[in-house]
Each structure stands twice: as C-alpha cells, then as structure tokens.
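Written below as structure tokens is the structure these notes are about.
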Amino acid sequence: MENNKFNKFLIITSILSIVILLIGGTFSYFSLSAMSRLNALAVDAGKVKLGLGVSPVYTGYAIIPLKDEYIDIAYNQKCKDDFDRGACLAYGLEVFNFEEATEVEGIIDFHLNGIENLSYMVLDENDNVYVDVTHISVSNSSGLSLGNPFTLEKGTSSGDTSKKFTLLIWLTDNNQIQDETDADKSFSADVTYRTSVGGRLTASVDGKKSSDNENLSIS
C-alpha cells in the first residue's frame with residue numbers, strides 16, 4: 001500500500017514538473033515572440049537599452065530600373081510598376097529606447113555584388129522625405145547617412161519609446177539598355193544606429209536586380 005502511495009506521489013510530482021516546464025517554455029516562447037520585432041539589441045549590464053527593428057514592407061522580388069522622379073509614384077503603388085514588376089524595395093525601420101534618453105544617428109553600408117546605379121532614400125513615419133534621393137557609387141558605398149541625429153526620449157514603465165522610418169531602395173534608370181551580363185546582380189546592406197556614447201545596433205537587408213530587359217512602366 002505504501003509503495004502504491006509513493007508511486008502515485010512520484011507520478012503526480014512528475015506530471016507537475018512537466019507542466020511547470022511547459023509553462024516555462026511557453027513563457028519563454030512568448031517573450032521571444034514579443035521581441036521578434038527587434039532584429040538587433042544593445043545590452044548593457046544585462047539590461048536592454050536600445051532595440052532596432054527592420055521589417056519588410058515591399059520586398060521579395062527582383063527590381064528593374066526606375067527613373068528617380070518616379071520613386072514617389074512607385075512607392076504609392078506598393079513598389080510595383082503597371083505590369084506588377086518590382087520598381088523598388090521598402091523596409092520599415094524602428095529604433096526603440098527602453099531606458100534613458102539618448103541621441104541616435106543612423107548610417108547604412110551597402111555591399112554591391114556587381115550591381116550598379118543603386119539609389120536610396122528615407123521617409124519619416126508620416127512619409128515625408130527624411131533623406132533625399134542618394135545615389136550609391138561603387139567607390140563610396142559605406143557610411144552613408146540615414147539622416148540627422150535625433151533624440152529618443154526616455155522609455156517609461158508603461159513601454160518603450162521609438163522612432164520609425166521607411167527605407168526605399170531602387171535601381172536608377174540611366175537610359176542605358178540592361179544587357180545579359182548585368183542581370184541578376186545583387187546587393188546587401190547593413191543598417192546601423194549608434195548612440196553618442198558609443199553603443200551601436202546593426203541589422204541587414206538585401207535584394208537583387210531583375211533579368212527583365214524591358215523598361216519599367218509607371219503611370
């Protein structure tokens with residue numbers, strides 16, 4: 001009888017232990033899920049102070065050349081032309097502050113894999129121009145500005161503070177026919193936000209050039 005009681009006790013204890021582990025695992029999962037919007041974290045003394053989220057807005061396809069003056073129209077058409085071809089790529093950027101107020105500055109480093117005539121611009125959260133059209137040259141593709149430094153106010157007990165941007169990237173149409181050897185080239189870029197006291201966060205984006213030789217159509 002005593003053995004049966006002991007065995008039942010062990011069984012109940014084991015079940016409770018499994019339940020506790022499952023609850024702990026579920027909690028960890030939701031904790032990670034809640035933070036999945038952050039592609040990069042800055043940690044100081046075990047506390048997260050800043051976070052950087054980079055999310056795809058209009059991505060996942062190759063792009064063909066676009067005249068710079070049509071970038072606004074292309075963005076309003078969800079970065080597609082009239083024939084549903086890729087006109088640009090758009091990424092949402094958000095910098096979070098969890099603790100003390102701090103000054104933050106953004107830069108971007110492009111890594112060009114044979115691709116030329118790449119351009120970018122940055123919009124603020126109201127879709128106003130924050131960084132105007134910027135052409136990227138092979139000889140000067142690193143340390144490019146994502147805009148003037150800005151101050152992120154102190155995070156509060158009820159949540160973080162943040163600042164949002166939209167990064168647009170496209171191929172500038174230089175009125176030259178795209179040949180076979182120039183097709184399917186690619187790029188990647190490292191988006192970095194750094195603080196005035198030396199902390200920095202980096203996340204990456206990428207894209208490729210289409211092999212479509214036709215002109216892009218925007219109306």
Report summary line: Flagged in region 154-169 as touching a residue at least 60 places away in the same chain (Cβ under 8 Å) and either over 17 Å from the mean Cα position of the chain (by Cα) or not in a strand (DSSP E or B) (or both), in numbering order, are ASP160, THR161
Query - Where HIS135 falls short, out of the listed (1) over 21 Å from the mean Cα position of the chain (by Cα); (2) surrounded by fewer than 16 Cβ atoms within 10 Å (Cβ to Cβ) - result: (1)
Report summary line: Scanning region 109-135 residue by residue, those on the phi > 0 side of the Ramachandran plot and modelled with pLDDT under 95 turn out to be GLY114, ASN117
Query raised in the report: Among THR151, THR156, THR161, which is more than 14 Å from ASP109 (Cα to Cα) and either among the charged types (D, E, K, R) or modelled with pLDDT of 90 or more (or both)?
Result: THR151
Query raised in the report: Hey, among the residues in region 55-69 that are of a type in the set (A, V, I, L, M) and assigned to a loop (DSSP other than H, G, I, E, B), which one's surrounded by the fewest Cβ atoms within 10 Å (Cβ to Cβ)?
Result: ALA62
Requested in this report: Answer with yes or no whether VAL122 is in contact (Cβ under 8 Å) with a residue 40 or more places away in the chain, under 20 Å from THR59 (Cα atoms) and surrounded by fewer than 15 Cβ atoms within 10 Å (Cβ to Cβ).
Outcome: no
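The values are calculated or read from the model by the stated rules, or taken from the named source; none is laboratory data. Model, not experiment: these values are computed from the prediction. Virtual Cβ from ideal backbone geometry, glycine too; neighbours counted across all protein chains shown.
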